[in-house]
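Coordinate-derived values only; no laboratory data. Nothing here was measured: the structure is a model prediction, and the numbers come from that model. Every residue, glycine as well, gets a Cβ built from its backbone with ideal geometry; the counts of neighbours run over all protein chains shown.
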Amino acid sequence: MKLAVVTGASSGIGQSAAVQIARRGVGVILTYRGNPAGAEETAERIEKEGGTAVALRLDVGSSDTFPAFRQSVAAELRERWQRQTFDYLVNNAGFGQMSMFEDTSEELFDRFVRVVFKGPYFLTQTLLPLLADGGAIVNVASNSALTSGVESGYSAYASAKGALIVLTRYLAKELSGRGIRVNAVSPGPTRTRISDDAFERFSDAVPAMAARTALGRIGEPDDIGMLIAALLSQEGRWITAQNIEVSGGFKL
Ligand code: NAI
């Protein structure tokens, strides 16, 4: 049985990715930070469909906790699956907050860099000894880092996501010797809990976003989760170092 670690799987894209990955017969270690109930819901959905899942707490913004997290992952692998390694890593955890360039505090800038870029960088480094040869990594970036997704108010967030896309290419290069593929997906506007439920709080803005999307609606978590699962699986076996925009043609 293949095994995956999915960060930030208590809601939204990470929750969908965890469920979609499990549907392909993969056991899932999912992580959450502030929402254990959401993580429980993800695990229950997976188990209801006959899959296996375990939820662990992880703050991707605190790299000093990563060695202990690796030990927890290793213990779960051993006890639950009698394995020493896992096969797939999804660096999905992240947060959004609109902030115009002139108003962006150093504190917010540092938080974006810490959670969106430094977190995936050192979490991947820490977990690498547990990642099996022939495995795969998907980093969840954002179309805000691409020319097609530039909107005012995301300079720090998008720059950190851009760094994650560049990192994706370097990891693809350096890990290729072990047969590990590394790709990124860049969602467009997707109805999740991001930015403190912004899609619910500002639901009036959704039709305008849908109108700017070629396929005529905003994204749903499964639009992204399905691609993440496919990229990790055999269907993605000849794809590496890519960043795939998954936006239904935002601003096309
Ligand atoms: P969400 O808010 O529903 O889920 C975010 C997940 O990340 C949650 O599980 C949350 O607990 C976790 N998380 C946040 N900060 C964390 C931290 N410091 N440590 C550990 N976990 C943390 O939002 P969504 O949209 O599902 O976000 C998933 C990824 O998708 C994020 O990286 C986000 O930047 C990215 N994204 C989302 C877009 C959207 O429109 N929803 C567009 C482009 C990218």
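Summary of computed values
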read-out	value
Spin-label pair Arg45/Arg78, simplified geometry with 7 Å Cα→Cβ offset, distance in nm	3.2
Residues Arg23 and Glu102, FRET efficiency given R0 of 51 Å [Cβ-Cβ distance, rounded to 0.05]	0.65
Straight-distance crosslink candidates among lysines, where the alpha carbon sits under 24 Å from Lys161 and sequence neighbours closer than 8 are dropped	Lys118, Lys173, Lys251
Part-to-part distance (alpha-carbon centres) for the range 217-238 and the range 104-126, which is given in Å	24
Length added when fully stretched, Arg201-Arg70, from 0.36 nm per residue minus Cα-Cα	43.5 nm
Cα centroid separation, the range 36-81 to the range 133-165 (Å)	25
Candidate lysines - alpha carbon under 23 Å from Lys48, same-chain residues fewer than 8 apart omitted	Lys2
Fewest-first ranking of Ile180, Ile13, Ile29, Ile239, using other Cβ atoms within 10 Å as the exposure measure	Ile239, Ile180, Ile29, Ile13
